[in-house]
Amino acid sequence: MQPETLDKSYEPAEVEARWYEFWEENGLFHADPHSGKPPYSVVIPPPNVTGALHMGHALNNTLQDVLCRYKRLAGFEVLWMPGTDHAGIATQNVVERQLASEGRTRHDLGREQFIERVWQWREEYGGRIINQLKRLGASCDWQRERFTMDQGLSRAVREVFVRLWEEGLIYQGDYIINWCPRCHTALSDLESEHEEVKGGLYHIRYPFKNGKGYLVVATTRPETLLGDTAVAVNPKDPRYRNLADDTVLLPLLGREMPIIRDEYVATDFGTGALKITPAHDPHDFEIGLKHNLPSIRVMDDNGAINAEGGPYAGLDRFAAREKVLADLEAKGLLEKKEDYLHSVGHCYRCKTMVEPILSKQWFVKVGPLAETAMRAVETGRTRIVPEQWNKTYFEWMTNIRDWCVSRQIWWGHRIPAWYCACGEVIVSRETPQTCPKCGGAELRQETDVLDTWFSSALWPFSTMGWPDQTPELKKFYPTSCLVTAFDILFFWVARMMMMGLKFMDEVPFKDVYIHALVRDASGQKMSKSKGNVIDPLIMMDQFGTDAFRFTLAAFAAQGRDIKMSEERIAGYRNFVNKIWNAARFTLMNLGGEQEAAPAQPLLEDRWIISRVNRTAAQVAQAIEEYRFNDAANLAYQFTWHEFCDWYLELIKPFLYGDDPARRAATQATLREVFSRVLILLHPFMPFVTEELWHKLPGAQGSVMRAQWPSGEEAESDPQAEQAMGLLMEVIGAVRNIRGEMGISPGQEVEVIWAAGDEAAARLLTSHQDRVLALAKAKSVRQASPGETPQKAASAPLGAVTVYVPLAGLVDFSAEAQRLDKEIAKAEKDLAASQKKLGNQGFLAKAPQEVVDKEKAKASEAQSKLERLKENLARVKSFM
RNA sequence: AGGCACGUAGCUCAGGGGGAGAGCGCUACCCUGACACGGUAGAGGUCCCGGGUUCAAAUCCCGGCGUGCCUACCA
């Protein structure tokens, strides 16, 4: 049979295109809820339908894929539930922009047609990110792909809304909310992102009604004075105990307003006098309620001053501010302006400055839900990894405020509430025909839709068919793990916890793994405006998906952000190529048939089998503990530096040699070990491993269906590992001498060794050919009894001393220098050990095994030092 | 204002009470029949500073300095 040949270097593009289709066609990602295997389930953090794959997605989904692919290999029935999120505001914005380019607005279309248009948009472009996830190799169960606006999920949303309403956990009311004047909708507190803004603190004179002077008020938002209905001072403030009057006149508008006294007012900030604008500030709103003040809303939905603002009506809020200030100045009412840095809310979708405005909205009462959600983490029903995030989670849950869930946009789940002319509000699963109170049939549905996160909060169970009792829910809920970045810990994780516990009576996930943020090479957050985004798709094109994924995994250390750089990806591209070439070598040297395992395994066989299994166990444990970087590095180190550097070199003589039995045995071990290497790399590098798996003669099916090497196969062989260790040390010593002496690679050397113990002697005697091959020696022999090779470089190892005769090769001063260096090292080691051993406290208090180890170290260093010194003396005698 | 991280090789970072590690970069030599996206050898570190705990501190504690992030209604 013609041995399979591979190209000299790996070309990812062509290979990657092939295998994804293969996996999907063969249903390898599909989860069977009736399987007898133990379940492992993950729900994808649904990306926005408007989204394009960025580094954050790439990391997030790579880690999930590593978990899922590993778990399949480890014998679990894995469900990775995929889908997208309808991203209400963002999607509406995108489609509105599209309309704008046609010179139209959504109002030209009307609600129905606009929504139709959004669905069209979704048909056309909504699959983009899904395809990009496929490109990344994500092994999601696409047959189950969901969308937060699809029918099933919409039913779940409605069910949840109605039940919360019935239990009094949803209410409607007038409160101060965050209003985005550009998106024309209310936002939740979370969606208002605070940013530092350079502003002013303006000191404004509010004249007393009786004309006897004025009260000075400090504010950062002078335009809101148009809506002031009082001025407040602290009753304890001596400055304001005896005021000239108890009524002031609102500057510019002349409205009479009371001076009220409230402990809320800080005496040490500004002037100690606070203007009260109940319709435009959350605290003022509270104070207004307490003191029965009227609320005057002076801004419209565009953030422009409305009719209540009198002469300022029609001005945009920023223009109004300028005008108000100018007019105050002109009237001598502006006392001073201080520069002031404060943080102001901005719309998380469009970055417009958010306006706190009094408005009627729907709210979820989160207190009771948060309580349960908090306890679930406290009691360990859900575990947050790394646990440092517990604190953040608890803090947020403790200080949580009611959640404004209504949005004044069109794209989303319309709130299932109807208004009757009689004033009745009907919340219902089905569209009501008549008012249950007055029997009227003229019902008007609420126009608001729900916050997108409301539907996302149900994701772990709504995607599995809830509110029906489905086999999927039975098998896969609660999910095993949620993988996400911390920036949506509150937005999403916390809310899923609340909803899962409320409606499933069970946590939505057992583990939450919180991974890092991906930054650019200098640690900056990537953003389009900074122009420092690294596009994952370009990286995949350039270096291959496997290299890219491996880089992400190798970087994913817990608790630290990732600084992505192309050089690093290039490094792992080289690793993929190394694997490719190891395969090339393997295939060139395997027969077509499956050879029997060696009857008499050699040291190399025993060693590499033991090592690959140990590595597989370590990689498995690292993945289980979410130490993705450790897992990747363990696989890397083993594959490159043990399998390639040592094992492949060690077996070449057998493969090229003329002992057919030995060759067949070696081939069998090589084939077996290489297939295990492919398995343990597969979670990280699905494409190249699948490709090579199929090239291996005798391979069955997909590597995805293979079994993770179990550590229990009784193939662990510490003795072989130790013996190989000594052999590697001896070879290393000769190589070191060669390198340091400047003996050229082409020049062969003699190697003579002396062993201090029987076992080492036996090992070296029977494996001299390995030293010969790997150290490029022309001969290897044991020193005769009593012989000390003269004119030789030497290296004292533990039980062995290695000599390399130098006569005629190099002059001895180089060896003297090398020995000097070695001596210095040994002396340092010895001194450190002796210092410890000379310390009575150490001997008395340190654990016995530490003391013993130290003693062994000292005597080893001592013996090494003596031999080095002897050698140096001998070398010098020839100089 | 509070909270959370992080300062370890030239760069990017692992590690985490008893032998300073990796990748990249660098130096020297080598196109050895898998691989120059490679091989062999090597150089390079006050583990931010100062105290403390301990027989023992890069590691734990306290205090600085520096950096990053998150939360927050003092107008």
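Side notes on the structure shown:
- Computed from Cα atoms, the angle from the helix A:495-504 axis to the main principal axis of chain A rounds to 90 degrees.
- For the range A:148-222, radius of gyration divided by Kirkwood radius, i.e. Rg to Rh on alpha-carbons: 1.25
- Taking a ≥ b ≥ c as the square roots of the eigenvalues of the Cα gyration tensor, the range A:452-492 is oblate, since a/c reaches 1.5 or more and a/b is not larger than b/c.
- Nearest 10 degrees, 0 to 90: helix A:848-877 Cα axis against chain A principal axis: 50
- Solvent exposure ordering (accessible area, 1.4 Å, most first) of A:301, A:268: A:268, A:301
- With only the Cα atoms considered, the range A:717-810 has a convex hull volume of 90 Å³ per residue.
- Entry comment: accessible area of the range A:600-641 is 35 Å² per residue, from protein heavy atoms only and a probe of 1.4 Å.
- About the centre of its Cα atoms, chain A shows a dipole size close to 1340 debye [charges on the beta carbon of Lys, Arg (+1) and Asp, Glu (-1) only; nearest 20 debye].
- Relative packing of peptides A:632-638, A:432-438 - highest average C-beta neighbours within 10 Å first: A:632-638, A:432-438
- At most 16 other Cβ within 10 Å, DSSP loop - GluC sites (Glu not before Pro), the range A:213-271: A:263
- Cα gyration tensor category, rounded, prolate or oblate, for the range A:637-702 with a/c compared to 1.5: oblate
- Linear extension gain, residue A:131 paired with residue A:621, 0.36 nm per residue minus alpha-carbon span: 173.3 nm
- Taking a straight line from the alpha carbon of residue A:835, these aspartates and glutamates sit under 17 Å away, with near neighbours fewer than eight places off in the same chain left out: A:827, A:852, A:854, A:860.
- Dimensions (Å) - the range A:185-356, Cα atoms, principal axes, largest first: 49, 32, 32
- Comparing A:865, A:812, A:839 along the charge dipole axis of the range A:811-879, the residue lying farthest to the positive side is A:839, per the Cβ-charge model.
- Spatial offset of the range A:380-458 relative to the range A:809-879 amounts to 74 Å, using the alpha carbon center of each.
- In the range A:185-356, the DSSP beta bridges split such that about 90 percent are antiparallel, to the nearest 5.
- Think of a 1.4 Å ball rolled over the protein heavy atoms: the range A:811-879 then has 65 Å² of accessible area per residue.
- Here the ratio of the Cα radius of gyration of chain A to 2.2 N^0.38 Å is 1.28.
- Additional length obtainable on full extension of the chain from residue A:438 to residue A:297, 0.36 nm per residue less Cα span: 47.5 nm
- Apportionment of accessible area to carbon and sulfur, chain A, percent (1.4 Å): 49
- Within chain A, DSSP assigns beta bridges of which about 70% are antiparallel (rounded to the nearest 5).
- Only Cα pairs under 8 Å and 6+ residues apart enter the sum, and on that basis the relative contact order of chain A stands at 13 percent.
- Computed over protein heavy atoms with a 1.4 angstrom probe, the accessible surface ordering of A:322, A:690, A:787, largest first, is A:322, A:787, A:690.
- Fully extended contour minus Cα-Cα distance, from residue A:722 to residue A:852, at 0.36 nm per residue: 44.8 nm
- Within the same chain, aspartates and glutamates fewer than 8 places from residue A:209 are excluded, and of the rest, those with a Cα less than 18 Å from its Cα are A:228, A:245, A:246, A:256.
- Ordering A:517, A:428, A:674 by the projection of their Cα atoms onto the charge dipole of chain A, which places +1 on the Cβ of Lys and Arg and -1 on the Cβ of Asp and Glu, puts A:517 at the extreme positive end.
- Inter-part distance where the range A:470-504 and the range A:567-618 are each reduced to a Cα centre, Å: 40
- Straight-line cross-link partners of residue A:37 among the lysines, defined as a Cα under 21 Å from its Cα and at least 8 positions apart when in the same chain: A:71, A:474, A:475, A:510.
- Anisotropy class of the range A:811-879 from Cα gyration tensor, a/c 1.5 cut: prolate
- When only the Cβ of Lys, Arg, Asp and Glu is charged (+1, +1, -1, -1), the dipole of the range A:811-879 relative to its Cα centre reaches about 180 debye.
- Of the residues A:227, A:795, A:536, the one whose Cα sits farthest towards the positive end of the charge dipole of chain A is A:795 (charges of +1 on Lys and Arg Cβ, -1 on Asp and Glu Cβ, taken about the Cα centre).
- Other residues lying with their Cβ under 11 Å from the Cβ of residue A:335 contribute a combined charge of +1, Lys and Arg counting +1, Asp and Glu -1.
The values are calculated or read from the model by the stated rules, or taken from the named source; none is laboratory data. Just so it is clear, the model here is predicted, and its values are computed rather than measured. Neighbour counts are summed over all protein chains in view; Cβ atoms, including those assigned to glycine, are modelled from backbone coordinates with ideal geometry. Areas reflect the complete protein model, heavy atoms only, side chains present, ligands, DNA and RNA absent. Shrake-Rupley method; radii C 1.70, N 1.55, O 1.52, S 1.80 Å.
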